[in-house]
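Q: Have a look at this one.
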Protein chains: 2
Amino acid sequence: MDEPQAQTGHARRPSGRDAKRASRAARAASSIPFITRKIPYYEVLTEEGLATLEHNADTILEEVGIDFRDDPEAIAIWKAAGADVQGERVRFARGMCRALVQRTAPREFTQHARNPARSVVIGGKNTVFAPAYGSPFVRSLDEGRRYARIDDFRNFVKLAYMSGSLHHSGGTICEPVDLPVNKRHLDMVYSHLKFSDKAFMGSVTAPERAEDSVAMANIVFGGELIDPLTGRPKTTIINLINVNSPMTYDATMLGAAKVYARANQATIITPFILAGAMSPVTVAGTVAQTLAEALAGMAFVQLVNPGAPVVLGSIASSISMQSGAPPFGTPEPALVLYALAARARRVGVPFRSGGSLCASKIPDAQAAFESANTLLPTCLAGVNFGLHTAGWLEGGLAMGYEKFVMDVDQAGMMHTLLAGVDLTDNGQALDAVREVGPGKHFLGCGHTQANFENAFYRSPLADNNSYEQWEAEGSPDMTKRANTLWKKMLAEYVPPPMDPAVDEALLDFMAKRKAAAPDSNV
Amino acid sequence: MDEPQAQTGHARRPSGRDAKRASRAARAASSIPFITRKIPYYEVLTEEGLATLEHNADTILEEVGIDFRDDPEAIAIWKAAGADVQGERVRFARGMCRALVQRTAPREFTQHARNPARSVVIGGKNTVFAPAYGSPFVRSLDEGRRYARIDDFRNFVKLAYMSGSLHHSGGTICEPVDLPVNKRHLDMVYSHLKFSDKAFMGSVTAPERAEDSVAMANIVFGGELIDPLTGRPKTTIINLINVNSPMTYDATMLGAAKVYARANQATIITPFILAGAMSPVTVAGTVAQTLAEALAGMAFVQLVNPGAPVVLGSIASSISMQSGAPPFGTPEPALVLYALAARARRVGVPFRSGGSLCASKIPDAQAAFESANTLLPTCLAGVNFGLHTAGWLEGGLAMGYEKFVMDVDQAGMMHTLLAGVDLTDNGQALDAVREVGPGKHFLGCGHTQANFENAFYRSPLADNNSYEQWEAEGSPDMTKRANTLWKKMLAEYVPPPMDPAVDEALLDFMAKRKAAAPDSNV
């Protein structure tokens, strides 16, 4: 999508524009690299309930087992570790996977960004918001729904870079279907590195593409490839390893996981489960199976390279009886999320789930209800890596331009929520009550004047004008305002600086890799 | 708004219609009179933080005090109780108001409905959902926004009656501005009693209108005016007493509160606070002031009639710097809500707050984000009486037909959320995992077949069809589907049975009261 030049011409009121630029700069300066929560976790289950689910996960691992398919090396690794291997089926003594994870996996880790001020700490009390991932389509108010292209991909990288409430550039924000499958990862990784300075995700669709991702990150991080804090290779990429639920890992994902683990890059081991199809049609059954699958995957990564960062992932929904499509934003996935966040804390690994998921095809009320009903549990439960926080539509099939900035607004609110209640003397504000007293108003009092500007979260998209003013402006709905906002942002985008030599090295690497094989859509 | 006759004619496929009726009847039969939560409360503050806010409320009550205006009886009551009275300003020894409340106010109470199966228990682990309250306007997709009429009022009573996820008929659902101000309460109370059999709210706009509300309820409840469980007059009406924040009660509200208290009817003492105007512009300041105001009001009710049911109410927002209008669905009101719910539990009284609040003028994504960001905290915090759960638009200025059924859908989801995780053997579903195993699917297994129908909440409004099917149906947004649903519901409305003699007595009472004074719009 081209940047809308019509909107970028000289502003008619330069002074207002200057003021807005200054305000934006101030907001950018105050943005934080990630959230560290100050409010408690919400947990739906008692310790006894959580213990039951852990016991069931162990039962699944012991009795049913996990298939590791088409990867003799993986089977050999499990045999050497003492698991019960029958063909490709691996079974585990109770507690074996958990012990492997707890022995060496870090409780939290730093994913370095090329701008050190934007490096993120994943785990503990921290929450990192990243854009949605994996859509073949994009949607905008102007063009409706169509296949995604690399220019869309770049646009979303730019929007994520400019969004203070997103801490991460994400990964396959949308599939650039105008590029060949076997080479598009190069352009995606390059876009993240070039058009943003936030941390990003690598390719997982083939082991050699994972290797390309590591190589390109290494070009950018140059000589500083060892993390002085850990003495290990710097973790500069985080990667999404999906499980083929139920209870199956395939060679593609195992191959990518091994590449990243050996390079000390982070992997998110994620069962993506539609309950009733890929797991039992209950919350407790889905939690136990997710836990079993994720523990086996995380343990495998620790066997490949003890200490490599792993994240316990989960994305759960059910299936519609009518269409087979997954609903989102319903209460059951929230219950799964709360339960798994609590279990991940007890295992002692970072947790990835939630975001702004929705089934709606368009950024309407359905999308908003569903997204809010996912993002709020994401935050209250204590998700550490919030993939899919911005842009997700249609069960992940489409990336929405308007939805993206609407979700970023909601992510901004979550910063305020997770900061909790200010109990300083200024926050308690007793003197203001003493000053004003019964029947008066607080508008003019000193405390209000001193605090008003930053006292409450202000949405750039919510309309809080009078009815008459809103009507005079054409009665725009939120989607219309969002359409204006993302275009304005793209028009104002300024790229982060990059050393031209580094840029050239990246372009050289890409050119060589592209020349090394013919285009292919496999 | 007339019932759409076009939609009510003979169905072309009677068998499908019969099946739907049967399905509706089954759902109605399974609806519960109120929710009893099975998941923990969410609290944002530690005990220490909560103690600080209680201390500050005591400081406000002791140092600043509360005005009780234009009501010499109220002043006399406070003098007799030992408060420090200076003119209309009343100050209280630390802990005095809390002690008065804790000595006699019930921790929970039953509000009787004329259908005993629909009586609600307010307090404890229970949550009761009621429609929105007080809008002068209505909005629908067909007519846009216009002033509300008594036929709108009846429509919303009918919709609430038919909505299994609403437990209560509410009060001034919208203002019937086509009726004179001094008589419209009669038609409102009659509509609740006649067109629904759920519990309802009385008039508070003048003491004599409160007396009319009690008299009409007594006609319906007939000879059974004493609650055998308590030996006190049956509580059949709950009523909204708003505080004139900051720290002021006026004669109108005090008058209504006294009428209801003396009749042992329930009062919700609610500071409706826009922070920065009516309280300090901080969460902690707003919580302390709300608590002080509500404690004084609840203590007053206990002095009027010890043991009369009271509810601690709160509705808090801020004001927009641009328009002065209140935003809703932002994080600060959620923090206020969590803190006050926790304080109400520690005082030992039921708590009213939240609902599906929004600032948006229309049921768009803004409305949905804001409503979800209010309703979810409402439920997680443990609100006992959720006024404004359905229909609220535009900061309470408009009652939306489409918004109403959209909110009811969300309220339905909250039933599932608050029921928590099923940890029975069937819920754990280990045998299903054993039966299916790695790489297979769960669609055909016995456990899925046995549980699928009721396993997951199914929204009547969310579109989970394939993209192609949704497009073939005209790409409707949620609002369009909601428009279809509320019309269908009204077309299918069947009134609950009422003894004709009771109906006649109500109509006689109304006729006499209407004849007793000329119409007035004061």
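Q: Go over the candidates A:Gly437, A:Gly474 one by one and state the one that is free of Cβ contacts under 8 Å to residues at least 60 places away in the same chain and open to solvent by less than 20 Å² (accessible area, probe 1.4 Å). Walk me through how you get there before you give the answer.
A: On the way: A:Gly474 fails: open to solvent by less than 20 Å² (accessible area, probe 1.4 Å).
Every option except A:Gly437 fails the conditions.
Q: Now, a different point. Considering the range B:280-301 alone, what residues qualify as being under 22 Å from B:Ala83 (Cβ atoms) and either small (Gly, Ala, Ser) or in contact with a Cys (Cβ under 9 Å, 6 or more places away or on another chain) (or both)?
A: B:Ala288, B:Ala292, B:Ala294, B:Leu295, B:Ala296, B:Gly297, B:Met298, B:Ala299, B:Phe300
Q: Being surrounded by 17 or more Cβ atoms within 10 Å (Cβ to Cβ) and either among the aliphatic types (A, V, I, L, M) or within 30 Å of A:Gly223 (Cβ to Cβ) (or both) is the filter here; which residues of the range A:477-510 pass it?
A: Residues satisfying the conditions are A:Met478, A:Ala482, A:Leu485, A:Met489, A:Leu490, A:Leu506, A:Phe509, A:Met510.
Q: Only one residue in B:Pro327, B:Pro377 is open to solvent by less than 10 Å² (accessible area, probe 1.4 Å) and at the interface with chain A (Cβ under 9 Å from one of its Cβ atoms), so which one is that?
A: Working: B:Pro327 fails: open to solvent by less than 10 Å² (accessible area, probe 1.4 Å).
Answer to the check: B:Pro377.
Q: If you take the residues in the range B:406-437 that are under 33 Å from the mean Cα position of the chain (by Cα) and β-branched (Val, Ile, Thr), which one is nearest to B:Arg139 (Cα to Cα)? Give the derivation first.
A: If we filter the range B:406-437 for residues that are under 33 Å from the mean Cα position of the chain (by Cα), which is where we start, we get B:406-424, B:427.
Narrowing further to those that are β-branched (Val, Ile, Thr): B:408, B:416, B:421, B:424.
Values: B:Val408: 16, B:Thr416: 29, B:Val421: 38, B:Thr424: 45 Å.
Here the answer is B:Val408.
Q: Please enumerate the residues belonging to the range B:246-286 that are open to solvent by less than 10 Å² (accessible area, probe 1.4 Å) and farther than 24 Å from B:Pro72 by Cα.
A: Correct list: B:Ile273, B:Ala275, B:Gly276, B:Ser279, B:Pro280, B:Val281, B:Ala284, B:Gly285, B:Thr286.
Q: Scan the range B:332-341 for residues that are within 12 Å of chain A (Cβ to nearest Cβ) and either surrounded by 24 or more Cβ atoms within 10 Å (Cβ to Cβ) or within 17 Å of A:Thr479 (Cβ to Cβ) (or both) and jot them down. Give the derivation first.
A: Of the residues in the range B:332-341, the ones within 12 Å of chain A (Cβ to nearest Cβ) are B:332-340.
Those that are within 12 Å of chain A (Cβ to nearest Cβ) and either surrounded by 24 or more Cβ atoms within 10 Å (Cβ to Cβ) or within 17 Å of A:Thr479 (Cβ to Cβ) (or both): B:Pro333, B:Ala334, B:Leu335, B:Val336, B:Leu337, B:Tyr338, B:Ala339, B:Leu340.
Q: Got a number for residues in the range B:218-252 being within 14 Å of chain A (Cβ to nearest Cβ) and either touching a Leu at 6+ places or on another chain (Cβ under 8 Å) or not acidic (Asp, Glu) (or both)?
A: Of the residues in the range B:218-252, the ones within 14 Å of chain A (Cβ to nearest Cβ) are B:243-251.
If we keep only those that are either touching a Leu at 6+ places or on another chain (Cβ under 8 Å) or not acidic (Asp, Glu) (or both) as well, we get B:243-249, B:251.
Selection size over the range B:218-252: 8.
Q: Quick check on the range A:440-470: of everything there that is surrounded by fewer than 18 Cβ atoms within 10 Å (Cβ to Cβ), outside any loop (DSSP other than H, G, I, E, B) and hydrophobic (A, V, I, L, M, F, W, C), which residue is nearest to the chain's Cα centre (by Cα)?
A: Looking at residues that are surrounded by fewer than 18 Cβ atoms within 10 Å (Cβ to Cβ), outside any loop (DSSP other than H, G, I, E, B) and hydrophobic (A, V, I, L, M, F, W, C), I get A:Phe452.
Q: Would you mind stating whether A:Leu53 is within 30 Å of B:Gly420 (Cα to Cα), within 14 Å of chain B (Cβ to nearest Cβ) and either surrounded by fewer than 19 Cβ atoms within 10 Å (Cβ to Cβ) or not small (Gly, Ala, Ser) (or both)?
A: Numbers: within 30 Å of B:Gly420 (Cα to Cα): yes; within 14 Å of chain B (Cβ to nearest Cβ): yes; either surrounded by fewer than 19 Cβ atoms within 10 Å (Cβ to Cβ) or not small (Gly, Ala, Ser) (or both): yes.
Judged against the criteria, A:Leu53 is a match.
Q: Any idea which of (1) of a type in the set (A, V, I, L, M, F, W, C); (2) assigned to a loop (DSSP other than H, G, I, E, B); (3) more than 7 Å from chain B (Cβ to nearest Cβ) is the one A:Ala482 doesn't satisfy?
A: So the condition that A:Ala482 fails would be (2).
Q: On to the next question. Going by the conditions given, is A:Val383 open to solvent by less than 10 Å² (accessible area, probe 1.4 Å) and assigned to a loop (DSSP other than H, G, I, E, B)?
A: Values: open to solvent by less than 10 Å² (accessible area, probe 1.4 Å): yes; assigned to a loop (DSSP other than H, G, I, E, B): yes.
So A:Val383 passes the test.
Q: Continuing with this model, one more query. Taking the condition within 14 Å of another protein chain (Cβ to nearest Cβ), more than 23 Å from the chain's Cα centre (by Cα) and modelled with pLDDT of 95 or more, does B:Ala284 pass?
A: Working: within 14 Å of another protein chain (Cβ to nearest Cβ): yes; more than 23 Å from the chain's Cα centre (by Cα): yes; modelled with pLDDT of 95 or more: yes.
For B:Ala284, the condition - within 14 Å of another protein chain (Cβ to nearest Cβ), more than 23 Å from the chain's Cα centre (by Cα) and modelled with pLDDT of 95 or more - is met.
Q: Still on this structure, please answer the following. Determine whether the range B:287-306 contains at least one residue that is under 20 Å from A:Phe452 (Cβ atoms), open to solvent by 10 Å² or more (accessible area, probe 1.4 Å), in contact (Cβ under 8 Å) with a residue 12 or more places away in the chain and not in a helix (DSSP H, G or I). Please lay out each step first, then the result.
A: Quick first cut of the range B:287-306, residues under 20 Å from A:Phe452 (Cβ atoms) only: B:287-290.
With the extra rule that they be open to solvent by 10 Å² or more (accessible area, probe 1.4 Å), the set shrinks to none.
No, there is no match, as no residue in the range B:287-306 is under 20 Å from A:Phe452 (Cβ atoms), open to solvent by 10 Å² or more (accessible area, probe 1.4 Å), in contact (Cβ under 8 Å) with a residue 12 or more places away in the chain and not in a helix (DSSP H, G or I).
Q: Sticking with this structure for a sec: How many of the residues making up the range A:411-434 are touching a residue at least 40 places away in the same chain (Cβ under 8 Å) and part of a helix (DSSP H, G or I)?
A: Within the range A:411-434, residues that are touching a residue at least 40 places away in the same chain (Cβ under 8 Å) and part of a helix (DSSP H, G or I) number 9.
Q: Against the conditions (1) over 22 Å from A:Ala344 (Cα atoms); (2) charged (D, E, K, R); (3) surrounded by fewer than 22 Cβ atoms within 10 Å (Cβ to Cβ), where does A:Arg114 fall short? Just the number, please.
A: (3)
Q: Another question about this same structure. Return the pairs, sorted by first residue and then second, in which the second residue is open to solvent by less than 10 Å² (accessible area, probe 1.4 Å) and outside any helix (DSSP H, G or I), the first residue lies in the range A:57-69 and is more than 8 Å from chain B (Cβ to nearest Cβ) and closer than 9 Å to A:Ala296 by Cβ, the beta carbons are less than 7 Å apart, and the residues are 6+ apart or on different chains.
A: A:Leu61/A:Phe92; A:Phe68/A:Val90; A:Phe68/A:Tyr249
Q: Does at least one position in the range A:353-371 carry a residue that is more than 7 Å from chain B (Cβ to nearest Cβ), farther than 17 Å from B:Met478 by Cβ and surrounded by fewer than 24 Cβ atoms within 10 Å (Cβ to Cβ)?
A: No.
Q: Another question, if that's okay. When the residues of the range A:88-104 are narrowed to those that are part of a loop (DSSP other than H, G, I, E, B) and open to solvent by 60 Å² or more (accessible area, probe 1.4 Å), which ends up nearest to the other protein chains (Cβ to nearest Cβ)? Outline the logic, then answer.
A: Step one: of the range A:88-104, the residues part of a loop (DSSP other than H, G, I, E, B) are A:88, A:92-95.
Still in the running and open to solvent by 60 Å² or more (accessible area, probe 1.4 Å): A:88, A:93-94.
Details: A:Glu88: 9, A:Ala93: 18, A:Arg94: 14 Å.
Filtering first and then ranking leaves A:Glu88.
Q: Can you find a residue that is under 30 Å from A:Leu393 (Cβ atoms), at the interface with chain A (Cβ under 7 Å from one of its Cβ atoms) and open to solvent by 20 Å² or more (accessible area, probe 1.4 Å) anywhere in the range B:418-431?
A: yes
Listed here are the residues, each with its yes/no results for (1) over 19 Å from A:Gly202 (Cα atoms); (2) touching a helix residue (DSSP H, G or I) at 6+ places or on another chain (Cβ under 6 Å).
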site: A:Asp142; (1), (2): yes, no
site: A:Arg146; (1), (2): yes, no
site: A:Asp152; (1), (2): no, no
site: A:Val157; (1), (2): no, yes
site: A:Ser163; (1), (2): yes, yes
site: A:Leu166; (1), (2): no, yes
site: A:Ile173; (1), (2): no, yes
site: A:Val177; (1), (2): no, no
site: A:Lys183; (1), (2): no, yes
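The values are calculated or read from the model by the stated rules, or taken from the named source; none is laboratory data. Predicted model only: the values in this text are computed from it and were never measured. When we count neighbours, we look across all protein chains shown, and the Cβ atoms used for this are built from the backbone with ideal geometry, even at glycine. Surface areas here come from the heavy atoms of the whole protein model, side chains and all, with no ligands, DNA or RNA. Shrake-Rupley method; radii C 1.70, N 1.55, O 1.52, S 1.80 Å.
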